[in-house]
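The values are calculated or read from the model by the stated rules, or taken from the named source; none is laboratory data. Note that this is a predicted model, so its numbers are computed, not measured. Here the Cβ is made from the backbone with ideal geometry for all residues, glycine too, and neighbour counts use every protein chain on show.
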Amino acid sequence: MFIAADDNFFDSSTWAVTRNLSLFLVGVFWLATAYWVYKDARRRIGDPWLVAMAVLLGLVPPFLGPIIYLFFRPPETLAERRERELEIRAIEERLAERDLRCPVCRGQVDASYLVCPVCTTRLKQACGDCGAPLEPIWQACPYCATPVPPAAVTGEQPLQPLRTRRRSV
């Protein structure tokens, strides 16, 4: 179907259908971006009034509002923020516990233990004179002033159990 030379293209029904379809798609895209702003704002903002303002910003300047929202939205979602806060709280609690653990079996030990009661790993050397537990960096026993032998200071022996466990058959 050809259009006669005297007919104007912009007066034809083809132009009307193309224009209406284009306007419809632009409107759908505009509403879709506003809906995206709404969904994203609900995930990132806890206050309902601020969510409404973000959606209004996504609607009013068409196509420019979502771009402005992208610049000013919170960097993390509410779930990510809660997860980060829980991780920080768990780390703080772990640091606050200050409980000592065996480096081999992770069993709880006391600062005065010479060996781990669970796996019998030697934790500290004992003073040769008074038997008090010695820290690896000490050069003398603070309880009896006995010099610590160099082998105890350097820690030549790695952490190993004092006895081997028997396997049950």
Quick check, is F63 more than 14 Å from T33 (Cα to Cα) and surrounded by fewer than 13 Cβ atoms within 10 Å (Cβ to Cβ)?
-> no
Does R94 meet the test of being farther than 30 Å from A32 by Cα and under 20 Å from the mean Cα position of the chain (by Cα)?
-> yes
Check segment 140-151 and report whether any residue there is in contact with an Asp or Glu (Cβ under 6 Å, 6 or more places away or on another chain) and modelled with pLDDT of 85 or more.
-> yes
Consider A90 carefully, then state whether it is at pLDDT 85 or above, on the phi > 0 side of the Ramachandran plot and either in contact with a His (Cβ under 9 Å, 6 or more places away or on another chain) or loosely packed, with under 12 Cβ neighbours inside 10 Å (or both).
-> no
Could you give every pair whose Cβ atoms fall below 7 Å, whose first residue belongs to segment 68-84 and is in a helix (DSSP H, G or I), and whose second residue is surrounded by 12 or more Cβ atoms within 10 Å (Cβ to Cβ), counting only separations of at least 6 or pairs across chains?
-> I68/L57; Y69/V37; Y69/A54; Y69/L57; Y69/G58; L78/R43; L78/R44
Looking at this structure, is A5 at pLDDT below 95, farther than 19 Å from F72 by Cα, assigned to a helix (DSSP H, G or I) and of a type in the set (A, V, I, L, M, F, W, C)?
-> no
